[in-house]
Each structure stands twice: as C-alpha cells, then as structure tokens.
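The values are calculated or read from the model by the stated rules, or taken from the named source; none is laboratory data. Quick caveat: nothing in here was measured; it's all calculated off a predicted structure. We place every Cβ from the backbone using ideal geometry, glycine too, and count neighbours over all the protein chains shown. What goes into the accessible areas is simple: the full protein's heavy atoms, side chains included, and nothing from ligands, DNA or RNA. Shrake-Rupley method; radii C 1.70, N 1.55, O 1.52, S 1.80 Å.
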Amino acid sequence: MSFNTFGHLFRVTTWGESHGPALGATVDGCPPRIPLEPDAIQHCMDRRRPGQSRYTTQRREPDRVEILSGVFDGMTTGTPIQLLIKNTDQRSKDYSEIAEKFRPGHADITYWQKYGIRDYRGGGRSSARETAARVAAGGVAREVIRSLVPGARIQGYMVQMGPHRIDRERFDWDEIERNPFWTPDAAAADRWAGYLDGIRKAGSSTGAVIEVVASGFPAGLGAPIYAKLDAELALAMMSINAVKGVEIGEGMAASDLVGEENADEISMGPDGPEFSSNHAGGILGGISTGQDIVVRFAVKPTSSILKPRRTITKSGNATQIVTKGRHDPCVGIRAVPVGEAMMACVILDHLLLCRGQIGENCGGRIG
C-alpha cells in the first residue's frame with residue numbers, strides 16, 4: 001500500500017492503525033524558521049479528540065502529539081517533521097466477535113478483496129482514527145500559514161445533521177466554539193441534541209454535512225488543468241473517512257441557476273477586483289480569486305451500529321452482524337477539525353507552489 005502521501009511541496013505521509021501502538025505523520029517541505037511548539041498542534045488535536053461529549057465515541061485517547069524531528073529551539077529547521085500520537089485506550093476484544101464477518105458499509109470487505117488481510121480491530125488503516133495524524137499535520141500547516149499570511153483564517157462548522165439543516169439567517173461565527181456540534185446556529189444545536197440522543201439510544205447513526213471556509217488568502221493559488229485548487233481540495237476532502245460527496249461554492253445547487261444568476265459580477269474596488277457574490281466558492285478555472293474559499297462535504301452515517309444487519313463471513317456464508325464497542329453516532333462532528341486540517345494542508349501547499357513560480361507577487365493586484 002504505497003498511497004499514504006499527499007501534497008506537492010508541503011508533503012504529508014500518515015502511518016499507523018486504529019489499534020496499533022501509535023500512529024502519526026511525517027511532514028516534509030515545511031519552510032525553515034517557522035515558530036512551532038507542540039502546544040500549537042495540540043490545540044487542533046484537542047478539538048478532534050474522542051470522548052469529549054456523549055455525542056462522540058467514548059474511546060478515551062489523550063491524543064498528545066510528540067514532535068520527534070524537524071524542530072530546534074522552537075523553530076522548524078526545514079527538515080522532515082515527525083509527529084507521533086500514541087494509542088492508549090484500544091479495546092481490540094470489542095471486535096473479536098466480528099473477526100470473521102464483514103461490516104456492511106465499511107471497508108472491511110474491500111480491504112479483504114484487495115489485500116487478503118482482515119484487521120478487524122476497528123478497521124485498522126481504514127479507521128477514522130487515522131485522521132488524528134492529518135489533524136496533527138494540519139496544525140503544522142496552520143502555523144506556517146500564520147507566519148506567511150497573517151490574518152488568514154480557516155474555519156469549519158456543521159451545516160446539516162441527518163435531514164436537519166441550519167438556518168443561515170442565524171449564522172453566528174462565535175457560536176461555533178460554544179456547542180458540541182461545531183455549528184454556527186444555536187437553535188440548530190439545541191434541536192440536534194435531542195435528535196442525536198434518539199439516534200444514539202436506538203443503536204443507530206446519522207450523517208452530516210460540513211462546510212469549511214478559508215478567508216484572507218491571495219488570488220492565484222492553484223493552476224490550470226491538472227493542479228486546480230478546487231480539484232485538489234475535492235480530492236483531499238474525499239480522502240477523509242466516510243466522506244461521500246464534495247461541493248465547491250454553490251456546488252450541486254448551481255445546476256438550478258441560470259447564467260446571469262451564477263456568474264459573480266466583477267467591479268474595481270480601492271484594493272483591487274471585487275465580486276458581487278461568491279457562487280464560485282472563491283475559485284475560477286482552478287485558481288483562487290482572493291474571495292473566501294468555500295468547500296462542503298457530506299459524511300455518511302457511521303457503519304458500526306448496534307442494529308442487526310445481514311452480511312457474509314470470509315468463507316462466504318450468510319450471517320448477521322451487530323457491531324459492539326465505542327462508536328460515533330455522528331462521525332461528522334469530529335470530521336470538522338479534520339476538514340480544517342485538509343484545507344490548511346492543501347492551501348499551504350499551493351501557497352508555496354505559487355510563491356515558487358510567481359514569487360512574492362503571487363496574488364498581485366490589477367490596475
């Protein structure tokens with residue numbers, strides 16, 4: 001399995017399994033002389049950490065990140081940064097009853113068909129536990145962005161749980177950090193609490209839609225055809241466990257519009273081009289416009305549930321399966337910081353690519 005690395009200049013390789021002794025990431029291509037302390041990364045890790053409320057898996061992992069290389073005296077050295085996260089609360093015995101069975105909706109069967117290996121302990125490499133390494137790498141990317149683009153911001157939040165959507169008229173940026181669902185709509189958070197309690201007590205799960213916005217970045221990120229920023233963001237988000245759909249800007253809803261509605265009109269402002277709207281999600285022709293970059297992704301319901309489902313064994317015999325253990329009733333909750341991390345890694349990668357090709361004038365003004 002050689003496809004564990006993403007990025008061009010800012011390259012991230014993740015490693016490890018759900019129930020192994022540890023997992024982590026190797027970050028290569030980080031510029032030197034960037035201030036980096038473990039606490040800066042730990043803040044990101046704490047937002048993803050399991051067991052923080054009754055709405056997430058009760059697996060108790062401190063998710064303390066250790067920096068093993070690439071940093072000296074609190075500054076990056078330009079050499080590979082090795083990040084280590086130890087697993088401390090594995091309960092492999094919870095999965096012993098399903099060692100011979102495939103969980104419907106999970107990667108168990110495809111891993112078996114491709115590799116002939118069945119790591120039944122939480123799914124092994126296919127577990128969402130792998131995303132802890134991405135969040136650690138994203139923490140590094142955020143610190144680099146903080147140095148290169150002061151004032152830029154990357155913020156994710158949940159806009160839908162199951163069939164229940166937020167009311168964008170009640171959108172409050174400050175509310176995102178106040179509730180366990182990372183949603184900007186306080187009324188929606190109250191409704192979702194009761195809805196998810198019912199789902200959890202029934203032994204089932206539900207899906208979600210996450211939106212991530214990157215603000216304050218220059219025009220010029222991305223390249224035509226094979227390195228389009230929106231294409232690479234879509235790939236990054238689709239690589240997250242349980243993600244089944246990605247939209248940029250207006251996304252699928254653009255098909256409902258006519259041309260004059262969808263086209264974002266342009267005028268010249270005091271500081272450069274200004275757009276009347278942002279249906280394009282801040283990207284035109286694969287290149288950023290300088291507007292907010294807006295990405296949404298849909299997360300399917302968690303596949304590990306207590307409801308009996310029909311399946312087969314490794315021998316091909318028909319059976320039923322109930323997945324015991326500790327699972328997220330809505331994995332989309334902890335997908336919010338993962339989406340932020342992937343956005344940070346992709347945008348930093350393209351920021352470095354743009355500066356390498358264009359120089360300091362990346363995003364130069366018109367007029």
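Highest mobility in the GNM of the chain, judged by mean-square fluctuation with C-alpha springs under 10 Å and restricted to Gly282, Gly245, Gly139, is found for Gly245. Using a Gaussian network model of the chain in which every pair of alpha carbons under 10 angstrom is joined by a spring, one finds that among Gly356, Gly29, Gly339 the greatest mean-square fluctuation is at Gly356. Axis angle, to the nearest 10 degrees, between helix 332-358 and the longest C-alpha principal axis of the chain: 40 degrees.
From its DSSP helices (H runs of at least four residues, each -39,500 (n - 2.57)), the chain gives a residue-normalised ellipticity at 222 nm of -8000 deg cm²/dmol. With a simple spin-label model that places each label point 7 Å from the Cα along the Cα-to-Cβ direction, the separation between Phe72 and Ala22 comes to 2.2 nm.
By the Cβ-Cβ criterion of under 4.7 Å, the unpaired cysteines of the chain are Cys30, Cys44, Cys330, Cys345.
Here the accessible area of segment 221-367 is 53 percent carbon and sulfur, with a 1.4 angstrom probe and all protein chains present. Exposed loop sites here are chymotrypsin sites (Phe, Trp or Tyr not before Pro) assigned a DSSP state other than H, G, I, E or B and surrounded by at most 16 other beta carbons within 10 Å; excluding them, the longest clear run of the chain is 4-170. Here the chain is treated as a Stokes sphere of Kirkwood radius computed over C-alpha pairs; at 25 °C and 0.890 mPa s its diffusion coefficient rounds to 113 µm²/s. Taking Gly251, Gly332, Gly123 in turn, the Gaussian network model of the chain (Cα-Cα springs below 10 Å) assigns the largest fluctuation to Gly251. Spin-label pair Ser147-Lys307: with each label point 7 Å from Cα along the Cα-Cβ axis, the two points sit 4.9 nm from one another.
For segment 120-201, with all protein chains in place and a probe radius of 1.4 Å, 46% of the accessible heavy-atom surface sits on carbon or sulfur. Helix 229-238 and the longest principal axis of the Cα set of the chain meet at an angle near 10°. Rolling a 1.4 Å probe across the protein heavy atoms gives the chain an accessible surface of 47 Å² per residue. For Lys307, a cut-off of 20 angstrom between C-alpha atoms picks up these lysines, skipping any fewer than 8 places away in its own chain: Lys93, Lys101, Lys201, Lys324. Excluding same-chain neighbours fewer than eight residues apart, the aspartates and glutamates reachable from Lys244 by a Cα-Cα span under 20 Å are Asp108, Glu130, Glu211, Asp230, Glu232, Asp328, Glu340.
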